[in-house]
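All remarks here apply to the structure that follows.
Every number in this text was worked out from the coordinates using simple rules, so none of it is lab data. Quick caveat: nothing in here was measured; it's all calculated off a predicted structure. Counting neighbours? That spans all protein chains shown, and the Cβs are built from the backbone with ideal geometry, glycine included.
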There are 2 protein chains.
Amino acid sequence: MINEKAYALGANRSAIRDLFEYGRQRCAVVGEENVFDYSLGNPYIPAPAEVNETVRQLLAGTDPLQLHGYTSAVGDLQTRQAIADDLNLRYGTAVSPEELFIGCGAAPELCAVFRALAFPGAQILAIAPFFPEYRPFVESAGADFQVVPADVPDFQIRMDVLEEMLTPNTAAIILNSPNNPAGTVYTSETLYKLAALLRKKSAEAGHPIYIVADEPYRELVYGDVEVPFIPTIYENTVVCYSYSKSLSLPGERIGYVYVPAQAADSKQLYAAVCGAARSAGHVCAPSLWQKVIARCAHLRPDLQAYDRNRRALYEGLVNAGYEVAKPEGAFYLFVKAPGGNAAAFSEKAKKKDVLVVPGDSFGCPDYFRVCYCVSYDKIIRSLPLFEALIKE
Amino acid sequence: MINEKAYALGANRSAIRDLFEYGRQRCAVVGEENVFDYSLGNPYIPAPAEVNETVRQLLAGTDPLQLHGYTSAVGDLQTRQAIADDLNLRYGTAVSPEELFIGCGAAPELCAVFRALAFPGAQILAIAPFFPEYRPFVESAGADFQVVPADVPDFQIRMDVLEEMLTPNTAAIILNSPNNPAGTVYTSETLYKLAALLRKKSAEAGHPIYIVADEPYRELVYGDVEVPFIPTIYENTVVCYSYSKSLSLPGERIGYVYVPAQAADSKQLYAAVCGAARSAGHVCAPSLWQKVIARCAHLRPDLQAYDRNRRALYEGLVNAGYEVAKPEGAFYLFVKAPGGNAAAFSEKAKKKDVLVVPGDSFGCPDYFRVCYCVSYDKIIRSLPLFEALIKE
């Protein structure tokens, strides 16, 4: 007499996690240096030094009751003000603290937003390739999860297919740009087309169709690529942000939800996000980390190490004959499997202790994901293995 | 087209929170020193000095990637081992790390456990007086919430009434001891009787009826009162613990779930707790705080300040003629309202800037809660006001 869905989710680890655990076992057998584990999206550059320095200053200069005490459920005003200031400086927006809710990272924030948007019979769409946890998040919020097929090989959006899938039951569409797993960024052109389509379909449906923008990788872009700030393009956008990647604090669980004042039913939606979070046991985001963000919201990651890895791996794979999505952001390459079956390719690669995640769970079974959060040396030493694999 | 339940929960603040906000406003008008705010259960003694010292040591001696990185979803092994060691030392148990799940405080832990236990049609019982958030937690887990009436004036359990309320649909009963709001502790005698009743009713139902023990106040007891460790009395007990009160870290969101190996379907239930947490966006508990708990799980709070407040307030109220539940733990007094209508009493008290929470939302509308997390001086200065109130 146990909840079957909860049991199934707990008993069946994700494919990514399984591969990672396999890698740990192989390290014990053949040595850490001989396992090329491209499975897990775990930040590889440390948090900026200012972060730990800020923690030290807070410990020295703040009453512990205040430092570690409950904050308001929506988060400290100073933290929300610092985030609003940073957004306004960068995007010319007029975000106010009342539009921000400090959450425990993108995952619980998305869950709260999905639940807030889940009217009876609601459907929420994701665009392949997509982060696999969206499915349990949406389904446990009580909504139906549907996937828009991938736009291969550019990984933008197939507007014609999407148009057919948008119905009066569609509550929202999830965008994740820079994208996990594709490493691609939706262009302004794509986003303006999408906005026009959503406005038209919202009018037909008689209610707003929201964009839920999952943006943990917003700061992780390379060269002169720009990541458009979606609320400035489509008014009915809710942003879920995390400092996991931008400040390399994935374990500390801190981020925010932004419900723009110009979004339809903005105040009601903000209240519903608060209520949904409350019903999942949200009390407040970790207090110390809120106070760190109040002082560090303006910091940006040093991407040199990621960029060097990205270029070496991309060039190496392309030169070897692989077809690779143009890697503009995040820390992933999305690669077409030679032969078209990524699950089979991943198994072959495992035999050479090269661990890549087949795209099945991302909604793209002919692609595999390579997370380049590894040492540069490993990237270089793995290239001959990739070359051998494509020749097989 | 927004989820109505989520909106209602977000738009309607709790009565406690409302009263607290009113107190803030009054402070601005009549001065902090003239407002006797007994509304909020916010720890009043600071975290032990070892806690901040441990944070400093971790910052100095740990690789930031490891310190702030993702941990396993169930929590760092070292943290779980430290908690198991501490429990085993205190209770003579044989808890192993595999039975522990590190969560983000009692609230999300309870939500995960309720969802894990919510088979179709499941009912979960609370015993009045109870923490009001149990209701949204249980209902959003998909179970039916029922309340066992209070055992006045001792605040143990009315076994006869409970026996009638236990049905084949009962999945669990929530125990909160030391109790918020009553400040009482369930005796061993009560718990052994309850265990016998639950065993009998489980057999009749054909499935285990679990106890969910919500224990953030376990360490907060006074004099020679002992808090029985419920899993040693009833095998089918799941414990939800938090360090919010015991280490005065309420804002940092760290605690654990203990699913004993001897509980029925233990491994399945543990997996279901993991799955339920995952479906609500749990990734891991804050990493830095996990590492602090690994070194500080054995620390106990210094209760002198609470105890001094407790005795002064209890004696003052009893001498003034109030009927007060015997305050053995937590930091609450539960007081019978003169005239029997606590909502009316609370309104009268507000006029004297004495803020006490009427028991309606706790399931006891004739009692009010006094949280004595305030300065001793305020307690003493408020006693004449309580005396005047009972004479009115």
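At-a-glance table
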{"item": "GNM result for chain A, Cα springs below 10 Å: residue of A:358, A:120, A:231 fluctuating most strongly", "result": "A:120"}
{"item": "Lys, Arg +1 and Asp, Glu -1 on Cβ, resulting dipole of chain B about Cα centre, debye, nearest 20", "result": "500"}
{"item": "Residue-wise HN-Hα coupling along the stretch A:139-148, computed from phi with Karplus coefficients 6.51, -1.76, 1.60 (Hz; x: Gly, Pro)", "result": "5, 6, 7, x, 10, 8, 9, 10, 10, 7"}
{"item": "Debye, to nearest 20: dipole size of the stretch B:228-365, +1 on Lys, Arg Cβ, -1 on Asp, Glu Cβ", "result": "340"}
{"item": "Amide H partners (placed H, <5 Å) of residue B:119, local residues excluded", "result": "A:3"}
{"item": "Ranking of B:124, B:390 by count of other Cβ atoms within 10 Å, fewest first", "result": "B:390, B:124"}
{"item": "Inter-copy label distances at residue A:164 (7 Å, Cα→Cβ; nm, one decimal)", "result": "6.1"}
{"item": "Over chain A: Kirkwood hydrodynamic radius from C-alpha pairwise inverse distances, Å", "result": "21.8"}
{"item": "Least to most buried among A:266, A:346 (fewest other Cβ within 10 Å first)", "result": "A:266, A:346"}
{"item": "Choice from A:18, A:360, A:377 showing the highest fluctuation, given a GNM over chain A with Cα pairs closer than 10 Å", "result": "A:377"}
{"item": "The stretch B:150-205 versus the stretch A:1-51: alpha-carbon centroid distance in Å", "result": "42"}
{"item": "Integer Hz, Karplus 6.51/-1.76/1.60 couplings in order for the stretch B:314-324, x for Gly and Pro", "result": "4, 4, x, 5, 5, 4, 6, x, 6, 9, 10"}
{"item": "Helix-only [θ]222 nm of chain A, DSSP H runs n ≥ 4, -39500 (n - 2.57) each, per residue, nearest 500", "result": "-13000 deg cm²/dmol"}
{"item": "Whichever aspartates and glutamates have a C-alpha closer than 13 Å to that of residue B:5, once near sequence neighbours (fewer than 8 apart) are set aside", "result": "B:139"}
{"item": "Candidates B:84, B:49, B:294: whichever shows maximal mean-square fluctuation once chain B is modelled as a Gaussian network with Cα springs under 10 Å", "result": "B:49"}
{"item": "Inverse mean reciprocal Cα-Cα distance (Kirkwood Rh) of the protein assembly as shown, Å", "result": "27.5"}
{"item": "Those lysines that a straight Cα-Cα span of less than 16 Å connects to residue B:378, excepting residues fewer than 8 apart in one chain", "result": "B:350, B:352"}
{"item": "Label geometry 7 Å along the beta-carbon vector: residue B:50 inter-copy distances in nm", "result": "3.6"}
{"item": "For the stretch B:196-201, Karplus couplings with θ = phi - 60° (6.51, -1.76, 1.60), whole Hz, Gly/Pro x", "result": "4, 4, 5, 5, 4, 6"}
{"item": "Backbone N under 20 Å from the residue B:341 label point (7 Å along Cα→Cβ), restricted to the stretch B:361-392", "result": "B:361-369, B:388-392"}
{"item": "About the Cα centre, charge dipole magnitude for the stretch B:256-337 (Lys/Arg +1, Asp/Glu -1 at Cβ), debye", "result": "260"}
{"item": "Burial ranking of peptide ranges B:238-249, B:206-217, A:88-99, B:61-72 (average Cβ count within 10 Å, highest at the top)", "result": "B:238-249, B:206-217, B:61-72, A:88-99"}
{"item": "Amide H within-cut-off set for residue A:238, under 5 Å, with H built and near neighbours excluded", "result": "A:211, A:212, A:213"}
{"item": "Projected label distance in nm at residue A:86 and residue B:262, using a 7 Å step from Cα toward the beta-carbon", "result": "5.0"}
{"item": "Averaged over A:133-141, number of beta-carbon atoms from partner chains that fall within 10 Å", "result": "3"}
{"item": "Nearest-first distances (nm) between copies at residue A:25, label 7 Å from Cα via Cβ", "result": "6.2"}
{"item": "All Cα pairs of the stretch A:260-392, percent lying beyond 17 Å", "result": "69"}
{"item": "Candidate aspartates and glutamates - alpha carbon under 17 Å from residue A:336, same-chain residues fewer than 8 apart omitted", "result": "A:151, A:154, A:315, A:323, A:328, A:347, A:360, A:366, A:387, A:392"}
{"item": "Positive-end residue of B:281, B:172, A:87, charge dipole of the protein assembly as shown with Cβ unit charges", "result": "A:87"}
